[in-house]
Amino acid sequence: MAGFLVERQSRRQNNRNLILKIMDKFIHRTSPDIISELKENEIFVFGSNLAGRHNGGAASVAFKKFGAIKGQGVGLQGKSYAIPTMHGGVNEIKPYIDEFIEFARNHTGYTFLVTRIGCGIAGFLDNEMAPLFIKCKEVENIFLPKSFWDIIN
């Protein structure tokens, strides 16, 4: 009986260690709440509009600090990456997020720091936007806001 209890306790500890290892991986892939500077290989990922106006919220920060280009509402520009969120619902936004995830997967030399895309001026809730980023679990160079990880894990 004692051997069984020791074996069961050992399995529980192994399971705890595995869970902690998985959680640690996601905790360390959490983007900061406020991004005011970037390291050389970091990219600021923000919500934009298709016209690329970049007048408010994270888009304004991207324009003023990280090289976002007026008139460009999608993709890599300077040290930023725009994902349009102002043109429709989550079904219209999802293809742009999928395109971003594929871009990040193919550009492993960069670390992509995702803001709470769509949760500011666009007016979506974290629980509406976060599930669109579920494929990021597989892409180690994408860092998400803690609120997104909390929802998709």
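The values are calculated or read from the model by the stated rules, or taken from the named source; none is laboratory data. Worth saying up front: this structure is predicted, and the values here are computed from it rather than measured. Reconstructed Cβ throughout: ideal geometry from the backbone, glycine too, with neighbour counts over all protein chains shown.
Odds and ends about this structure:
- Those residues of segment 123-135 which are crowded, with 20+ Cβ neighbours inside 10 Å and either in contact with a Lys or Arg (Cβ under 8 Å, 6 or more places away or on another chain) or at pLDDT below 95 (or both), in sequence order: 129, 132
- Residue in segment 115-122 that is within 13 Å of the chain's Cα centre (by Cα), of a type in the set (A, V, I, L, M), part of a loop (DSSP other than H, G, I, E, B) and within 17 Å of residue 53 (Cβ to Cβ) present: yes
- Each residue in segment 67-93 was checked for being crowded, with 21+ Cβ neighbours inside 10 Å and more than 16 Å from the chain's Cα centre (by Cα), and 3 pass.
- Each residue in segment 99-121 was checked for being farther than 17 Å from residue 80 by Cβ and not basic (Lys, Arg), and 4 of them qualify.
- Residue in segment 74-88 that is in a helix (DSSP H, G or I) and either modelled with pLDDT of 95 or more or touching a Phe, Trp or Tyr at 6+ places or on another chain (Cβ under 9 Å) (or both) present: no
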